[in-house]
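Let me begin by presenting the structure, written as structure tokens, before commenting on it.
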């Protein structure tokens, strides 16, 4: 029975992740228009030309995500609350 709950939790997490990705893709044009009207346009960086440059950019992004995840890590007091 416990395995069923853990499986359901896993698939619920995956569904939430896919929902977040899908919504961000669908709402990206709307967000771009709102930013343009507010004057907060974000300049998109062009994709790197070479494979080495793409790997370098991906490495920078992943280290940034890891640093953010470490910063959001809960303390033991928050885990028991």
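Since every read-out is calculated from the coordinates, none of them should be taken as a lab result. A quick note: this is a predicted structure, and the numbers were derived from the prediction, not measured. FYI the Cβ positions are ideal-geometry reconstructions off the backbone, even for glycines, and counts take in every protein chain you see.
Using 0.36 nm per residue and subtracting the Cα-Cα separation, the extra length available between residue 14 and residue 54 on full extension is 11.7 nm. Going through (i) 9.5; (ii) 8.8; (iii) 5.6, the figure that equals mean projected area of the Cα convex hull in nm² as computed for the structure here is (i). Here the label points at residue 7 and residue 64, each 7 Å from Cα along the C-beta direction, are separated by 3.9 nm in the simple model.
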